[in-house]
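The values are calculated or read from the model by the stated rules, or taken from the named source; none is laboratory data. On a predicted model such as this, the values are computed, not experimentally measured, just so you know. Virtual Cβ from ideal backbone geometry, glycine too; neighbours counted across all protein chains shown. Please note that ligands, DNA and RNA were not included when accessible areas were found on the heavy atoms of the full protein model with its side chains. Shrake-Rupley method; radii C 1.70, N 1.55, O 1.52, S 1.80 Å.
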Amino acid sequence: MHFEIQYNPAHSLATAHLNVGESVRAEASAMVSLSSQVDVATNTGPAGRGGFFQKARRGFLGGESFFQNTYRARGPGATVSLAPQLCGSMVVHELGTGPSLLIQASSYVAAPDSVDVDTQFQGFRGFLSGESLFFLRASGYGPVLLNAFGAIETIDLDGELIVDTGHVVAFTEGIEYSIDKAGGGWIQSFLSGEGFVLRLRGRGKLYIQTRNPTEFGHTVGVMLPARSS
Amino acid sequence: MEHYIEHGPSFAWLRVKLRPGVELQGEAGAMVRMDPQVVMTTHLNAPKNAGFFYKIWALLVAFMRKVLGGETMFVNRFTSAGQGEIVLAPTLSGHIIHHALSAGRRLFVQTGSYLASAGAVSTQVRLGGLRTLFGGEGLVLLECSGEGDLWVNSYGGVVPIEVNGSFIVDTGHIVAFDGALDFKVKSVGGIKSFLFSGEGLVCEFRGRGTIYVQSRNLKALVSWLSPLLPS
């Protein structure tokens, strides 16, 4: 199978082209259209991989929808089209002989069964910054479909870089990372509006998005009427 | 200052190459990525030589903005010991424009549209009248003066309009305007239409100068979303 991406950068749409018998797993809410040769099954991940707790961990800690849908091609010419919730670009990262990929949970869209998606618990959630820091770990081989809020910049990292946590989409394993405060002190970091940053070190591939979804949510959110209950 | 505006017009960000001794000031929360040698410090948005009372005033405005819904009035200043790169991005989708400010000229920037500045540019908070605060349209302006670089961001596309005479813009669509222009905030057609038309407040400009107008209005997005929220 392969992904075809159209309408980048603002309103991207990805179409998975499946050969007979092939399948793709996607975040439950991402499906836009299905051709008639596709069977849909809702499950909690690939059959036989991981027990209930591993799957629950993926769902609740990973911040991703617990249910992923599996789309399997029954006949030739099968297609599934997928779209993220927000405006922005999508990109395909090919997994193969290289390192696996750590993906910010909300940036993951879809992957074939040959890719295993697991969670890595990243410590503090929403402390001060309100930005969740949960990464899924994608390993195996095949294409992984990622989405961004805004445009995507692909960086071949060789050295050190500081990235705002809300702008990280994914990076290859092997890059050392630590969570750090943005400014000199904690109070300063809080006032700076940056909260936490990721300090990345080493060599590998890094994807970052030009907009921060949490920041957007807060900006619009404070202007909305309060929920009555 | 060496800078690049990339991924525009929908998702623009600002990439700046810092040299030693040069300082970039950016809106709080705008930092996307930076080299490890770049140092960030956080300040209240007041001119560097501001007196004590101005700082109290700035703090009060910052507090009001926070309560009434708006961004913080803190800014971050970035310096680099060696060559260092930094990227800043606004919150909403849209574009960024660069404005070279020359001595003796002023630019009024809607606070949400301020992204960054460099050189001898000073930024001061100005209120466009009390009514704008209570009207919820929040025409809170930053008065930018001095000499240097200024970057402003828009929600949606941004159009520069050369005004000679008079011109009216919805307050939610104002990005920035030349300090040489006279401006007055008013409702489109009296108090009744202000309350019932949904047309909000407008700003009437007179004189000669440039106005930067954005093609989207955050208020409009909010009022579209609000009735759709679950109760």
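Considering only Cα atoms, the convex hull volume of region A:178-217 works out to 83 Å³ per residue. Across B:D178, A:D158, the residue with the most accessible area heads the list, and the full order at a 1.4 Å probe is A:D158, B:D178. Chains A and B together bury roughly 3100 Å² of accessible area, counting both sides, with a 1.4 Å probe on protein heavy atoms only. Of B:S166, A:S107, the order by accessible heavy-atom surface (1.4 Å probe, DNA, RNA and ligands excluded), from most exposed downward, is B:S166, A:S107. Between A:D158 and A:N19, residue separation times 0.36 nm minus the direct Cα-Cα distance comes to 46.3 nm. When the residues B:V22, B:V159, A:V169 are ordered by accessible surface, computed with a 1.4 Å probe over the protein chains alone, the sequence from largest down reads B:V159, B:V22, A:V169. Annotation: A:S33 carries an accessible surface of approximately 50 Å², with a 1.4 Å probe and no ligand, DNA or RNA atoms counted. In this structure, A:S33 and B:W224 have a Cβ-Cβ separation that, at R0 = 25 Å, corresponds to a calculated FRET efficiency of about 0.45.
Extending 7 Å from Cα along the Cβ direction at B:S166 and again at B:F52 yields two label points whose distance is 4.6 nm. R0 = 30 Å: FRET efficiency of A:R199 with B:R216, Cβ-based, nearest 0.05? The formula returns an efficiency of 0.30 here.
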